Amino acid sequence: MLLFALVAERRRLARLFDDDLPPTLGSRIFNTALATLIFVNVAGVILGSVEAFDRRFAPELWWLETLATTVFAVEYVLRAWAAVELQNERFRHPLWGRLRYLRSFFALIDLVAVLPGILGMLGAGDLRTLRLLRLLRLLKLTRHATIFNLLWAVFREEARSIGAVLFILMMTLTISASLMYMIEGEAQPDGFSSIPAAMWWAVETLTTVGYGDLVPTTVFGKLMGGVVAIVGVAAVALFTSVITVSFLDQLRLRRAALRQAVEARLSDGRLSAAEVEELEEIGERLGLPDAEMAEAVDDAARDIAGHATCPHCGGVLTGMRPA
C-alpha cells in the first residue's frame, strides 16, 4: 500500500512539475509562489549588499536565505524523484532517466540556485561571491516564462547562422587586434603592449562602444580603427537581422499552429467553454497573447461562415453553401 501511495504521489508531483502538460490551478499557484519567493530572495540579496541595511536586518535576511535554500533544495530533490513520470520519454528509466534529467538545462539551474545557500550555511566560500551567485536564482524564472521558450527556439533554429556570425566576429577581433598591436605598439607601448591588450580596444571598436581609454594616434592606426568600426557595425547588423528574421518566423509558425487548433475545434461551428479554455492553454504554451487567439477564432469563423448549418443541431453541413 505504501508503494502505491508513493507512486501516486510521484505522479501528482510530476503533473505539478511537468512543463509539457497544460497548466492547472495547482501548478499556477505553485509557480506563482515560487516566483514570489525568488523575487523576495533576490531583493534581500541586493539590499543585503548595503552595509547599513545588512547590519539592521541581518537576522531577517539569514532566515529568508535559509527558507529559500530549503525550499529550492526540497524542490530539486522532488523534481529528480518525479522525473521518471514526466512526459519526456528520455527520463523514464529509474536510474539513467534521472541522471539525464539532472544533466538537463533547467535541472542545472535548480542546482545552481541551491549550492550557494548550502555553501554559505557550511561557511565555505567568499560571502560576496556567494551573494552574487544567489542572484542566478532569477534564471529559475525562465522555466515558466513563455518568451524565453520562444527565444530558445530561435537560438536552436539559427544555431549555425549565429555560430557563423560569432566566428566572423572572433576572426575580425583577432586580426584587428594583431594589426593594431603591430601599428600602435611602438607609439603606445603601455596601451598596446600585447595582442591581448589590443583585443580590448578591438572589442570596444567592434561593438561601437568606444570608451576612449585606448585611441590610435598614428595615421595607419586611425585608418585601421575606421575600418574595424565599419566592420563592427556590419557584423552587429547581420547578427541582429538573423535573430529578428528567425523570431518573426517562430511567431508565424506558432500563429499557424494556433490557427490549426482553432479550426479543428470550430469544425462543428461552435466553441464550447472547455474548448475555449483548451485554446487558451495552447496559446499560453505557444507564448501568444489572448488577442492572437481571438484573432484566430475570428479568422476561422469567417472561413466557415459561408457553410450551411443544420437547423436542428446547428452543426456545419460541409460541402454545402446557403442559396
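None of the figures in this text is laboratory data; all of them are computed from the coordinates on show. Please read all numbers here as calculations on a predicted model, not as lab measurements. Heads up, the Cβs are rebuilt from the backbone with ideal geometry, glycines too, and the neighbour counts pull from every protein chain shown.
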Quiz item: Can you give the Kirkwood hydrodynamic radius for region 165-253, in Å, rounded to one decimal and based on Cα pairs?
Solution: 13.8 Å
Quiz item: Ranked highest first by the average count of other Cβ atoms within 10 Å around their residues, in what order do 53-59, 109-115, 201-207 fall?
Solution: 201-207, 109-115, 53-59
Exercise. Starting with the highest mean, order 25-34, 175-184 by the number of other Cβ atoms within 10 Å, averaged over the residues of each peptide.
Key: 175-184, 25-34
Practice problem: Could you estimate the translational diffusion coefficient of region 207-254 from the Stokes-Einstein equation, with Rh from the Kirkwood formula over C-alpha pairs, at 25 °C and 0.890 mPa s, in whole µm²/s? | Solution: 189 µm²/s
Quiz prompt | Residues with amide H under 5 Å from that of residue 210, placed H, sequence gap 5 or more | solution = 205
Self-check item: Percent of Cα pairs exceeding the 19 Å cut-off, where the set is region 1-110
Solution: 55 percent
Quiz item: Considering only 138, 108, 88, whose Cα is most displaced toward the positive end of the charge dipole of region 2-144, charges sitting on Cβ of Lys, Arg (+1) and Asp, Glu (-1)?
Solution: 88
Quiz prompt | residue 35-residue 207 pseudo-label distance in nm [points 7 Å out on the Cα-to-Cβ vector] | solution = 3.0 nm
